[in-house]
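The next block holds one structure in the form of structure tokens; read it before the comments.
The values are calculated or read from the model by the stated rules, or taken from the named source; none is laboratory data. Note that this is a predicted model, so its numbers are computed, not measured. Note that we place each Cβ from the backbone using ideal geometry, even for glycine, and neighbour counts take in every protein chain shown.
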Amino acid sequence: MNSRGEFSSRLGFILAAAGSAVGLGNIWGFPTQVASNGGAAFVFVYIVLAFLLAYPVLMAELIIGRATRSNMVDALGQISGSKLGRATGIWGFVTVSLILAFYSLVAGWMIAYFLQSITNIVGLIEISNWLTTSSIPRNILFCGLFLALTAGIVTGGVSAGIEKWSVRLMPTLIVIVLLLIGYVSTQNGALDGWKAYLVPDFSRILDPNLLISAMGQAFFSMSLGVGTMLVYGSYVSKKERLPSLGAYVALVDIGVAILAGMLIIPAMYVALANGVQIFSESGALIEGDSLIFTVLPALFDSMGGIGLFVALAFFALMVIAALTSSISMLEVPVAYVVENKGIGRKRAVWMLAAAVFVASSIIAVNFSSLFGLVITATTKYSQPLLGFALCLFVGWVWKRDNILKELKEGNEGAEHSLFWKIWPWYIKFVCPVVILVMFYRSVA
């Protein structure tokens, strides 16, 4: 059993799994969702829905993973006893690989901007301009560098690679966020940002659009549906209580998302006070890549000399957030190839990283037609449908006795717990319906 690797500590698993969940979306998506959807009212709804929707699906993945001690393809094949389960696993394998392909391009931009902060500090202006000017060579070069960093960590295996780096990167990320929050909060305009973020507009709390946005953010921020949590769950010790372990992961993920909001929204209003445009023509706060690569760099430029170091810290934060997610994404196909095809880990890692790099390069060369298409196909369509399929497998196909047996591994009295009284019917009836409603609303 241990030959396939196992997390050596509870903290190692929590930080690795939370690192998988804490990605670029938490930092550039969540804060503007909050500010545009009723401030703290959205935060409240998001936290509630994270535990009502995302946590049950997270638990489904962790239980499947630990019970089967397998990669996603074999695990779903085992619990379903059918080719349909394996086909769903392969679908997840392909989806997560495509997500990693576009994600690596975006992460490559983060590395370019991080290096540009250094070249600005030492006065290499021509190199700085090249680093921040979008071009196919730049995009492919830094995408390759990011994938090489990711592969280098994953080759170490579970405890010596993923866990070892997660327990270093996640605390570093949190420290950088806290330091930046402290600095930005002292700047002119920050108070307006804190008000936009923390003052609740409870009149919006039952707004269907707010509920759908919060539901989507809760579900996708925990990287559910594509097998990352299932594979990480397969490396968890049988002695651990899975429900509490899953709750810790959810809490860390929610906490980092809220911290990111405490940094980004005040920073945007500081930018506004310094003459930087932070609202789009429709009156909404600028979000996504425009926020990260236009609004915030303009803010850093307006800060003078200290802005160079603030930019350095900020883009270091973004690279770390991207890396903690990418290592879990790469581990999903790696686990399958190592266990199912009998290929050594190092060879499998570099082979799959190379395949993802080829896909990333194709997207980079055909950026205008493929980038948005791949994002939509994977995150808007494939991911929620995979989450729906997981709920069906666990709620309707997998024998309930087998689920309880797995939960009893870490807790003999599991069948008398509140979790067992609620979760089985909840994952069977409530989660599939809510995911389908969310999916319909998002594509309609």
Residue count for segment 3-54, restricted to those that are touching a residue at least 60 places away in the same chain (Cβ under 8 Å), closer than 24 Å to Val154 by Cβ and of a type outside the set (Val, Ile, Thr): 21
Those residues of segment 58-72 which are assigned to a helix (DSSP H, G or I) and surrounded by fewer than 24 Cβ atoms within 10 Å (Cβ to Cβ), in sequence order: Ala67, Thr68
Which numbered condition Ser237 misses (of (1) touching a residue at least 60 places away in the same chain (Cβ under 8 Å); (2) assigned to a loop (DSSP other than H, G, I, E, B); (3) more than 25 Å from Leu330 (Cα to Cα)): (3)
Members of segment 276-304 that are closer than 28 Å to Gly38 by Cβ, of a type in the set (A, V, I, L, M, F, W, C) and touching a residue at least 12 places away in the same chain (Cβ under 8 Å): Val276, Ile278, Ala284, Leu285, Ile286, Leu291, Ile292, Phe293, Val295, Leu296, Ala298, Leu299
Residue within segment 115-131 that is modelled with pLDDT of 95 or more, under 25 Å from the mean Cα position of the chain (by Cα) and closer than 19 Å to Val358 by Cβ present: no
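Is it the case that Thr186 is part of a helix (DSSP H, G or I), out of contact with any Cys (no Cβ under 9 Å at 6 or more places or on another chain), among the hydroxyl-bearing types (Ser, Thr, Tyr) and exposed (fewer than 15 other Cβ atoms within 10 Å of the Cβ)? Don't jump to the end; show me each part of the working.
Numbers: part of a helix (DSSP H, G or I): no; out of contact with any Cys (no Cβ under 9 Å at 6 or more places or on another chain): yes; among the hydroxyl-bearing types (Ser, Thr, Tyr): yes; exposed (fewer than 15 other Cβ atoms within 10 Å of the Cβ): yes.
For Thr186, the condition - part of a helix (DSSP H, G or I), out of contact with any Cys (no Cβ under 9 Å at 6 or more places or on another chain), among the hydroxyl-bearing types (Ser, Thr, Tyr) and exposed (fewer than 15 other Cβ atoms within 10 Å of the Cβ) - is not met.
Go over the candidates Gly81, Gly92 one by one and state the one that is crowded, with 22+ Cβ neighbours inside 10 Å and either modelled with pLDDT of 90 or more or out of contact with any Gly (no Cβ under 6 Å at 6 or more places or on another chain) (or both).
Just one listed residue meets the conditions, Gly92.
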Failed item in (1) buried (at least 24 other Cβ atoms within 10 Å of the Cβ); (2) in a loop (DSSP other than H, G, I, E, B), with Gly38 passing the rest: (1)
Segment 189-222, subset small (Gly, Ala, Ser) and more than 23 Å from Ala250 (Cα to Cα), residue surrounded by the fewest Cβ atoms within 10 Å (Cβ to Cβ): Ser203
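Just for helices (runs of 4 or more DSSP H) wholly inside segment 305-418: which have at least 2 residues that are surrounded by 14 or more Cβ atoms within 10 Å (Cβ to Cβ), in contact with a Ser or Thr (Cβ under 8 Å, 6 or more places away or on another chain) and in contact (Cβ under 8 Å) with a residue 24 or more places away in the chain?
On the way: elements: 305-341, 345-365, 367-375, 383-392, 400-408.
It comes to 305-341, 345-365, 383-392.
If a residue must be touching a Lys or Arg at 6+ places or on another chain (Cβ under 7 Å) and not hydrophobic (A, V, I, L, M, F, W, C), how many such residues does segment 38-65 contain?
Within segment 38-65, the first condition is being touching a Lys or Arg at 6+ places or on another chain (Cβ under 7 Å), and the residues that meet it are 38, 41.
Remaining after also requiring not hydrophobic (A, V, I, L, M, F, W, C): 38.
Of the residues in that region, 1 qualify.
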Test result for Ala75, closer than 24 Å to Ile403 by Cβ and either part of a helix (DSSP H, G or I) or of a type in the set (Lys, Arg) (or both): yes
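Could you tell me whether segment 164-174 includes any residue that is surrounded by 15 or more Cβ atoms within 10 Å (Cβ to Cβ), touching a Phe, Trp or Tyr at 6+ places or on another chain (Cβ under 8 Å) and in contact (Cβ under 8 Å) with a residue 24 or more places away in the chain?
Restricting attention to segment 164-174, the residues satisfying the condition of being surrounded by 15 or more Cβ atoms within 10 Å (Cβ to Cβ) are 164-167, 169-170, 173-174.
Next cut, touching a Phe, Trp or Tyr at 6+ places or on another chain (Cβ under 8 Å) only: none.
No, segment 164-174 contains no residue that is surrounded by 15 or more Cβ atoms within 10 Å (Cβ to Cβ), touching a Phe, Trp or Tyr at 6+ places or on another chain (Cβ under 8 Å) and in contact (Cβ under 8 Å) with a residue 24 or more places away in the chain.
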For Leu11: the one exception among (1) closer than 28 Å to Leu263 by Cβ; (2) surrounded by 24 or more Cβ atoms within 10 Å (Cβ to Cβ): (2)
Segment 71-108, residues that are under 18 Å from Glu339 (Cα atoms), of a type outside the set (Phe, Trp, Tyr) and under 19 Å from the mean Cα position of the chain (by Cα): Met72, Gly92, Val94, Val96, Ser97
